[in-house]
Every structure is written in structure tokens, then in C-alpha cells.
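Reviewing the structure listed below.
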Amino acid sequence: MGENFTVGDRLPGRRGRTGTLRTPHGEIATPAFVPVGTKATVKAMLPETVKSLGAQAVLANAYHLYLQPGADIVDEAGGLGRFMNWPGPTFTDSGGFQVLSLGSGFRKVLAMDTERVRADDVIAKGKDRLARVDDDGVTFTSHLDGSTHRFTPEVSMGIQHQLGADIIFAFDELTTLINTRKYQEDSVARTHAWAIRCLVEHHRLRSAAPQRPAQALFGVIQGAQYEDLRRAATRGLVHIGEQPGPAEGLSFDGYGIGGALEKQNLGTIVGWVVDELPEDKPRHLLGISEPDDLFAAIEAGADTFDCVSPSRVARNAAIYSHAGRYNVTGARYKRDFTPLDPECDCYTCANYTRAYIHHLFKAKEILSATLCTIHNERFTISLVDRIRASITDGTFDELRAEVLGRYYRDR
Ligand SMILES: [Zn+2]
């Protein structure tokens with residue numbers, strides 16, 4: 001049993017498990033889906049509503065809060081949870097992903113035909129690239145006002161300590177699947193060196209302010225789609241305190257599995273990483289929420305997940321349902337007086353119809369965002385809750401066959 005995590009039931013013959021993750025602001029029963037409140041708000045939602053959906057924690061973003069309103073203001077407010085009126089557990093991601101994706105035009109590159117974008121120099125040469133990585137850190141341009149900023153492992157730790165979330169992440173370099181093998185190797189080495197600096201700075205800051213609630217630092221594992229790199233990166237982080245040097249004797253409180261993962265190999269990659277991780281530490285998978293991805297990740301041993309998708313797509317009228325995903329602005333819903341998902345137990349489905357929500361979108365009424373976010377977040381949280389229960393009662397495979405069979409029936 002680890003200090004902050006206890007394993008519960010196991011999925012026989014596989015790596016999946018249930019567990020309890022303890023934080024200064026409460027416990028999280030795992031597997032658990034963690035809604036994203038990027039700028040210290042789950043968009044269009046009251047925190048009380050988020051809680052009522054069964055959310056056990058929220059995850060905010062260090063990059064966004066650093067730029068606006070500033071980590072010092074969140075600190076003065078008493079930390080992220082106090083600032084946003086969320087009394088439960090909180091996470092912040094390190095900012096690495098945003099600095100290197102939103103900040104750099106990576107998304108545009110990712111969306112391009114990968115056949116035509118093979119070499120790293122194609123990505124790096126772009127005149128409009130807004131983030132530059134060196135061995136010490138990343139210099140980037142604010143997406144808000146074009147001002148120049150620099151994140152290093154120490155800066156990220158300082159920001160995340162000021163934000164005060166219960167679970168924070170080491171500053172890592174995000175790569176894409178189209179970076180070359182050589183670049184991935186260099187990047188894993190850089191992320192490891194940054195992990196050492198994060199651990200050292202985290203412990204320095206904790207020692208300097210022992211009265212503050214203890215934050216748990218998770219190391220982030222990169223290595224893209226390469227088995228040897230993923231395994232080596234994981235072993236490096238797990239044994240980081242055994243090497244002579246500044247991080248000697250220190251260790252991470254948990255691990256984040258980062259990087260661009262393709263659907264078809266998500267379970268395989270998580271499996272490699274989990275093989276190398278200790279049983280008694282929690283594992284967070286960054287950025288998944290699709291039903292098939294959730295089953296694959298949980299089966300492979302991941303404990304917590306965050307994703308902005310349920311709320312982001314809700315604002316664009318995309319609705320998750322037991323019978324699959326659909327867009328409620330479609331003409332066929334204009335006179336459909338049934339709930340968004342007849343099998344859902346959420347407030348929206350108990351009280352509103354597809355026809356009404358269709359109307360709200362057509363009339364550009366902001367209530368559409370609230371009602372659809374309630375539904376999509378509840379759908380995702382409740383699915384993960386059911387998966388957790390199925391591990392305990394031995395019905396994981398039956399549940400997966402039933403849920404995915406219906407959700408992807410038309411695929
Ligand atoms: Zn619903």
C-alpha cells in the first residue's frame with residue numbers, strides 16, 4: 001500500500017484494478033473520470049452541478065491560469081479549489097501540453113496529412129511556430145497577447161505550487177507521432193532530465209512551506225509509439241531516486257501517461273508502461289474520454305483520466321448516448337420530444353427534450369451549453385463508475401461488449 005493509493009479489486013489475468021486515491025481534499029474511487037476545468041471553471045457549469053454529476057475531482061491547466069489571472073492571484077485566493085469554489089480534489093497539468101500544442105501550432109501540424117510531414121525540420125522551421133524547446137525549457141508566445149514567456153521545470157513547479165492543486169504533474173515535452181525516432185529519443189532524455197529538476201524543486205518548495213496541504217507530484221511518461229522508449233522512460237522515472245545526484249532518495253507519488261496515443265495502440269502502450277510501474281502508485285492517463293478508449297485504458301491498468309471533450313463537444317451539440325453519438329441540431333430532432341438519452345439519469349434527461357435543446361442551439365441560447373455539458377459529463381462519469389463496479393463484480397467483459405456493441409453499432 002502506497003502513501004496515497006490503495007489497490008482494491010483486480011481484473012483477473014489483466015492489469016486493470018480498482019483503487020482509492022487519497023488527497024488532502026478527499027478520496028477518489030478509481031477508475032475515475034476527471035472533468036476538465038481549464039481556466040478554473042468547467043465551462044457553463046456551477047461547481048455544485050459538477051459535483052452532482054458524480055465528479056470526484058476536476059483538472060485545471062497551469063498554462064492558462066499562469067497567463068490569466070496569474071498563479072499569484074489563485075495563491076492569494078487560497079488555492080485553486082478555494083478560488084473556484086470546488087471543495088474536492090483538484091489536479092493541474094504542467095502546462096507542457098499547452099505550451100507545445102496550443103502555443104506552437106502543433107494542432108495544425110497534427111491535422112495535416114502525415115504522409116507529407118515526416119521530418120522534424122518540417123515542423124520546426126515554420127515561421128509561425130510559437131514555442132521553441134531547448135534543453136533547459138521552452139520559450140513561447142502567449143496566445144492571449146503575443147507576449148513572450150519561458151517555462152522551465154522550476155517555473156512549472158513554482159506555478160503549480162502557487163495554484164495549489166492536490167495532484168500536479170512534472171513538466172514534460174510533448175511530441176507528436178510524426179516526430180522522428182531520433183527526436184523522440186532526445187525528447188525522452190530531455191523529459192527525464194526535467195523530471196529530476198521537477199522533483200528537486202517540488203521538494204524544495206514543500207520544505208519551504210510545510211504548513212500548506214501536501215501536493216502529490218506525478219512524473220510524466222513519454223516515448224510515443226515506441227515500446228523500448230516507453231519502457232525505458234518509465235523505468236527511468238520509477239528508479240529516479242536510486243541514482244546518485246540531486247534527486248537521490250526522492251520519488252514520484254504517481255505517474256502520468258502522456259503523449260499522442262492512437263486509438264488502435266492505446267491499450268498496448270498503456271500496458272507497456274504499466275508493466276514497468278509499481279503496483280502501489282496511481283496512474284493517470286492524460287486526455288481520453290471515448291468509451292472504447294476508456295475500456296482499453298482501464299483494462300490496461302490506468303486509474304484516472306481527464307479529457308476536455310465531453311464539455312467541448314457538448315457546446316457544439318454533439319451528444320453522447322447509449323445508442324451512439326449524434327448531433328442534436330439535426331433536422332430529425334426538431335420534433336423529437338424524447339430525452340437526449342432515454343437511459344441517462346442526468347438532470348437534463350429528466351427534464352428536457354431533444355426538440356427543446358435543438359431549439360436552444362438554433363436560437364443560440366447559452367442554456368444549450370449547460371444542459372448538454374451536464375449530460376455528456378454525466379454520461380462519461382457514469383460509464384467509468386459502471387466500469388469500476390464491473391471490475392468488482394466480475395462483469396467487465398460483459399459490460400464492455402454491451403456498451404461498445406451499442407455505442408459503435410453504426411460504425
Ligand atoms: Zn442525460
| note | Most fluctuating of 137, 219, 249 in the GNM of the chain (C-alpha, under 10 Å) is 249
| Kirkwood hydrodynamic radius of region 92-307 from all distinct Cα pairs, in Å? | 17.7
| field | region 192-204 - phi-based ³J(HN,Hα) in whole Hz, Karplus 6.51/-1.76/1.60, Gly and Pro as x | value | 5, 4, 5, 4, 4, 5, 5, 4, 5, 5, 4, 6, 5
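Within the chain, how many Lys pairs that are eight or more residues apart, or on different chains, come under 15 Å at the alpha-carbon?
5
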| message | Which residue fluctuates most in the GNM of the chain (Cα springs below 10 Å): 350, 369, 232? | response | 350
| By how many nm would the segment from residue 359 to residue 132 lengthen if fully extended, with 0.36 nm per residue of separation less the alpha-carbon distance? | 77.2 nm
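Short version: what are the Cα gyration tensor semi-axes of the chain, square root of 5 times each eigenvalue, largest first, in whole Å? Spell out each step's value before the answer.
On the way: eigenvalues 216, 119, 105 Å².
Taking √(5λ) for each eigenvalue gives 33, 24, 23 Å, largest first.
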| What's the FRET efficiency of residue 203 with residue 77 using the Cβ-Cβ distance as r and R₀ = 25 Å, to the nearest 0.05? | 0.50
| note | Here the Cα Rg-to-2.2 N^0.38 Å ratio for region 288-411 is 1.08
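Could you tell me the convex hull volume per residue, in Å³, taken over the Cα atoms of region 168-280?
102
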| remark: Assertion target for 309, 390, 52, ordered by fewest C-beta neighbours within 10 angstrom first, is 52, 309, 390
| note | One would report the antiparallel percent of DSSP beta bridges in the chain, rounded to the nearest 5, as 45
| query | Could you give the nm distance between label points at residue 144 and residue 367, where each point is 7 Å from its Cα heading toward the beta carbon? | reply | 3.2
| Simple label model, 7 Å out from Cα along Cβ direction - residue 337 to residue 239, nm | 6.8
| note | Residues whose modelled amide H sits under 5 Å from the amide H of residue 306, counting only those 5 or more places away in sequence or on another chain, are 34, 285, 287, 288
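Determine the calculated [θ] at 222 nm for the chain from helices alone, applying -39500 (n - 2.57) to every DSSP H run no shorter than 4 residues and normalising by the residue count; nearest 500 deg cm²/dmol.
Helix contribution divided over all residues of the chain: -12000 deg cm²/dmol.
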| remark: Residues meeting the amide H criterion for residue 216 (H placed from the backbone, H to H distance under 5 Å, 5 or more places apart or on another chain) are 167, 168
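Where a number appears in this text, it was derived from the coordinates with a stated rule and is not lab data. As the structure is a computational prediction, the values presented were derived from the model and not from experiment. Cβ atoms come from the backbone with ideal geometry, glycine included; neighbour counts cover every protein chain shown.
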